[in-house]
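Student: Below are the structure tokens for one structure; questions will follow.
Just so it is clear, none of the values below were taken in a lab; they were calculated from the coordinates. What you see is a predicted model; the values in this text were computed from it and never measured. Cβ placement follows ideal geometry from the backbone for every residue including glycine, while neighbour counts extend to all protein chains displayed.
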Amino acid sequence: MIKPIADEQAVGTDLRSNISSASNYQVLRGVRNQARNNERAALANGELSISNLADWKVMLEKVPEILKTESKDLEVVAWLIEALTRNYGFLGLARGYSLARQLIEAYGESLYPLIDEDGISTQLAPLIGLNGFDGEGALIAPIRSISLTQGDFPGPLAAWQCEQVFEIERLGDESKREARLKQGGVSREQLDRIMMETATPFIHETQENIDLAIEEYSLFQAVIDNYSQADPQPTSKVMDTLVSCRQTLTYVAGNRLANNKTEDEVEVVNEQGQKGESVNEVMSHHNTIGVKDRQTALKALDDVAGFFRSTEPHSPVSYSIEQAIRWSNMPLTELLKELIPDEAARTKYKNLSGIPSESNK
């Protein structure tokens with residue numbers, strides 16, 4: 001799909017020049033619109049799975065051949081990315097954006113749709129539309145709908161469903177929680193059961209595919225940024241959504257991903273031990289923080305907060321640590337004002353603890 005279509009016409013012809021309703025462009029455009037309409041209807045009806053994969057199969061069958069033999073067109077590439085994401089998840093997304101990046105690198109301004117009086121934005125609009133301009137783009141919901149688990153009903157669960165579990169769990173009113181669950185919400189107990197039913201290799205493979213998608217999309221972003229310097233294009237929403245999916249998977253998988261990391265670390269430790277260090281010496285070296293002063297201690301706490309923020313984004317642990325760090329940097333009088341807002345209570349506490357009041361300084 002990257003190779004030139006012909007020596008004399010590397011990018012082929014503009015598919016839009018054939019206005020026949022039977023042309024490949026018009027047929028695929030109609031298929032895509034119908035597939036999107038079907039998804040909107042499914043969403044309105046409250047269906048858990050909104051994508052009918054069969055609706056997108058024709059894209060997988062037709063678009064590669066078009067890119068090889070007819071036209072290097074970014075709009076049909078965008079349709080292919082949509083189909084790949086729905087059918088092959090994060091791995092499909094990675095492959096789709098890799099293709100888009102390589103085509104832009106190889107052919108640039110020659111690609112269809114051609115740049116017009118509105119500039120490069122016309123050419124890139126189909127791809128940027130997946131991310132979204134002001135609002136949420138066409139690919140955001142499909143990404144959030146990729147399964148992160150296996151498991152029986154109500155599984156498999158996607159990122160958006162896991163996030164709803166956390167929302168329901170945070171509701172302080174028991175009656176509101178019950179109402180959400182009766183409306184089809186998933187409970188934390190169900191989520192935990194589904195995770196137990198999810199094979200560990202599936203979790204690891206999903207993590208690897210998300211990481212690959214993040215890597216490939218990052219490369220795509222860099223190419224777009226360089227290609228559209230005079231007219232910068234928005235690309236962050238897709239990346240933010242991928243990172244959010246990664247964080248959600250890390251949180252719900254818990255120590256099953258951590259155990260995988262531990263196994264990798266043991267291999268490294270064993271390799272280092274073979275070079276002259278004992279395993280105990282290596283582990284001792286890696287487990288020593290070495291707190292020498294106040295700033296080092298606070299930096300260690302900040303690193304711990306960052307760990308929990310990335311691995312358990314829905315947990316209050318990181319926020320509590322960050323709050324403690326902030327308090328530690330406040331003057332005592334300011335800290336007391338924040339912790340004890342009532343002036344009379346604050347004065348009484350100062351008198352009891354021997355802290356001089358501001359008027360006695």
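Student: Quick check on the exposure proxy: order Val27, Val77 from fewest to most C-beta atoms within 10 angstrom. List each step's numbers first, then the result.
Tutor: Values: Val27 14, Val77 24.
Going from least to most buried by this count: Val27, Val77.
Student: Taking the Cβ of Ile340 as the centre, find all other residues whose Cβ is under 11 Å away and add up their charges (Lys, Arg: +1; Asp, Glu: -1). Spell out each step's value before the answer.
Tutor: Working: positive: Lys337, Arg346, Lys348, Lys350; negative: Glu338, Asp342, Glu343.
The answer is +1.
Student: Full-extension gain between Asn33 and Asp302, please, as 0.36 nm times their residue separation minus the C-alpha to C-alpha distance.
Tutor: Values: separation 269, 0.36 × 269 = 96.84 nm, distance 4.82 nm.
Length gained between Asn33 and Asp302: 92.0 nm.
Student: Now, a different point. Along Cα→Cβ, 7 Å out, is where each label goes; now give me the distance between the ones at Glu334 and Ser218 in nm to one decimal.
Tutor: Placing both labels 7 Å beyond Cα along the Cβ direction yields 3.6 nm.
Student: Please work out whether segment 15-147 counts as rounded, prolate or oblate from its C-alpha gyration tensor, where a ≥ b ≥ c are the square roots of the eigenvalues and a/c under 1.5 means rounded, while otherwise a/b larger than b/c means prolate and anything else oblate? Show your work: numbers first, answer last.
Tutor: Numbers: a/c = 1.63, a/b = 1.45, b/c = 1.13.
It comes out prolate by the Cα gyration axes.
Student: Label points 7 Å out from Cα along the Cβ direction at Ala42 and Trp160: separation in nm?
Tutor: Here the modelled spin labels are 1.1 nm apart.
Student: Based on the Cβ-Cβ distance of Ala179 and Gln150, what FRET efficiency does E = 1/(1 + (r/R0)^6) give at R0 = 25 Å, to the nearest 0.05? Let's see the in-between values first.
Tutor: Values: r = 28 Å, r/R0 = 1.14.
After rounding, the FRET efficiency stands at 0.30.
Student: Sorting Ser244, Ser353 on the 10 Å Cβ count, fewest up front, what's the list?
Tutor: Ordered by Cβ neighbours within 10 Å, fewest first: Ser353, Ser244.
Student: Which residue, Asn87, Ile128, Gln26, has the largest displacement toward the positive end of the dipole of segment 15-147 when charges sit on each Cβ (Lys, Arg +1; Asp, Glu -1)?
Tutor: Farthest along the dipole direction, towards plus: Asn87.
Student: Another question, then. Please work out the Cα center distance from segment 69-98 to segment 25-46, rounded to the nearest Å.
Tutor: What the calculation gives is 17 Å, centre to centre.
Student: A follow-up question, please. With only Lys, Arg, Asp and Glu charged, each at its Cβ (+1 for the first two, -1 for the last two), find how big the charge dipole of segment 146-230 is about the Cα centre; round to the nearest 20 debye. Walk me through the numbers on the way to the answer.
Tutor: Working: 7 positive and 16 negative charges, 86 e Å.
Roughly 420 debye, rounded to the nearest 20.
Student: May I pose another question? Based on Cβ point charges of +1 for Lys and Arg and -1 for Asp and Glu, what charge dipole magnitude is obtained for segment 15-147 about its Cα centre, in debye rounded to the nearest 20? Don't skip to the answer; put the middle values down first.
Tutor: Details: 13 positive and 16 negative charges, 96 e Å.
For this selection, approximately 460 debye.
Student: Same structure, new question: Neighbouring Cβ atoms within 10 Å as the yardstick, rank Trp327, Trp79, Trp160 fewest first.
Tutor: On the way: Trp327 12, Trp79 27, Trp160 16.
Exposure proxy ranking, most exposed first: Trp327, Trp160, Trp79.
Student: Mind checking the full-extension length gain between Glu8 and Met196? Use 0.36 nm per residue of separation minus the Cα-Cα distance, one decimal, nm. Mind showing how you got there, number by number?
Tutor: Numbers: separation 188, 0.36 × 188 = 67.68 nm, distance 5.78 nm.
Going from the current span to full extension adds 61.9 nm.
Student: Another question about this same structure. State, to one decimal in nm, how far the label point of Asn18 lies from the label point of Thr122, with both points 7 Å from Cα in the Cβ direction.
Tutor: 2.3
Student: Net charge near Thr241: determine it from the other residues with C-beta under 13 Å of the C-beta of Thr241, scoring Lys and Arg +1 and Asp and Glu -1.
Tutor: 0
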